[in-house]
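Okay, so here's the structure we're looking at.
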Amino acid sequence: MEKNIFDSPISNKSVVDRIVDQITQAIISGDLKPGDKIPTEVEICESLHVGRNSVREAIKVLETFGVVYIKRAEGTFVSSSFNRKMLDYMLYGIILQKDSNCEIIELRHVFDIGILYDAIEKINDAKIAKIEESLDEMEKILANKNATIKEILDTDLSFHKSIIDCTNNQLLSTMYDYIIRLTIPSRIKATEHIFATGKRQVFLQLHKQMFEVLKNRNKNKIEETVKNHYMFWRNEN
């Protein structure tokens, strides 16, 4: 190697975790770029003063996360495209945290506010029509006394998906998909509460308020509207 790219401070983590961190940091810092071949096992061993078994295990971890891929007889390379597996370990880490529900709500709260600000900047008549279409479908489902929890939840997710699509930002969309996955259990509880208390129309009105904010491009109402939108969800956590 012309340059030792593994020059971060040594941590107290396990040897495998330390190797994973060093390679990941080299990618983040730009020392390793998408498509680059990473140093060989021998070179990593010499740079970090670790054993080959630890290096192999670290490479397996990074491959599982989709950060690198292996070409037989050629070596290991940094992935050139985004792989959803890259975020899976973060998702599981959040889920396993004790008392994480309140933090998940705060996370989604921040995203919703930011997404609405961004969507207002980029929204057009066609996108407004798409959101209104999903809102009309929600109203139709809520008016059906035989509608299931799943049907209401699906139409809710479709409504929010139509808003995130306004941003034209694939990274935001991907991150929001993960937040949605984190919130499904509590969303189900909130929807059950709506059924039990007969507050379907209140639920619908909260979504209409969000639609009006977007349609009228009223940034001053974003934070208040998002706070109101969590009326049922926050009470279930």
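FYI, it's all coordinate maths here, none of it is from the lab. These numbers come from a predicted model, not from an experiment. Quick reminder, even Gly has a Cβ in these numbers, built from the backbone with ideal geometry, and neighbours come from all protein chains shown.
Quick check: net charge around Lys13, other residues with Cβ under 15 Å of its Cβ, Lys/Arg +1 and Asp/Glu -1? Let's see the in-between values first.
Values: positive: Arg18; negative: Asp17, Asp21, Glu57.
Summing Lys and Arg as +1 and Asp and Glu as -1 gives -2.
Rank the residues Tyr230, Tyr176, Tyr117 as a footprinting-exposure proxy: fewest other Cβ atoms within 10 Å of their Cβ go first. Walk me through the numbers on the way to the answer.
Numbers: Tyr230 16, Tyr176 20, Tyr117 13.
Fewest to most other Cβ atoms nearby, the residues stand as Tyr117, Tyr230, Tyr176.
Determine, for Asp125, Asp154, the number of other Cβ atoms within 10 Å of each Cβ, and report the residues in order from fewest to most. Provide the component values of the computation, followed by the final result.
On the way: Asp125 8, Asp154 14.
Exposure proxy ranking, most exposed first: Asp125, Asp154.
Given R₀ = 22 Å, what would the calculated FRET efficiency be for Glu121 paired with Ser29, taking r from the Cβ atoms and rounding to 0.05?
Numbers: r = 31 Å, r/R0 = 1.41.
Once the sixth-power term is evaluated, E becomes 0.10.
Take Asn168 and Lys219, extend 7 Å from each Cα along the Cα→Cβ direction, and tell me the distance between the two endpoints in nm.
1.8 nm
Say the dipole of the range 86-235 comes from +1 at the beta carbon of Lys and Arg and -1 at that of Asp and Glu; which of Leu182, Ile152, Asn168 then lies farthest toward its positive end?
Result: Ile152, furthest along the dipole toward the positive end.
Rounded to the nearest 0.05, what FRET efficiency do Tyr178 and Glu139 have when you use their Cβ-Cβ distance and R0 = 45 Å? Write down the numbers at each step before the final one.
On the way: r = 28 Å, r/R0 = 0.63.
That pair, Tyr178 with Glu139, gives E of 0.95.
For the range 146-151, in order, what is each residue's ³J(HN,Hα) by Karplus, 6.51 cos²θ - 1.76 cosθ + 1.60 with θ = phi - 60°, in whole Hz (x at glycine and Pro)?
After applying 6.51 cos²θ - 1.76 cosθ + 1.60, I find 9, 4, 8, 4, 4, 5 Hz.
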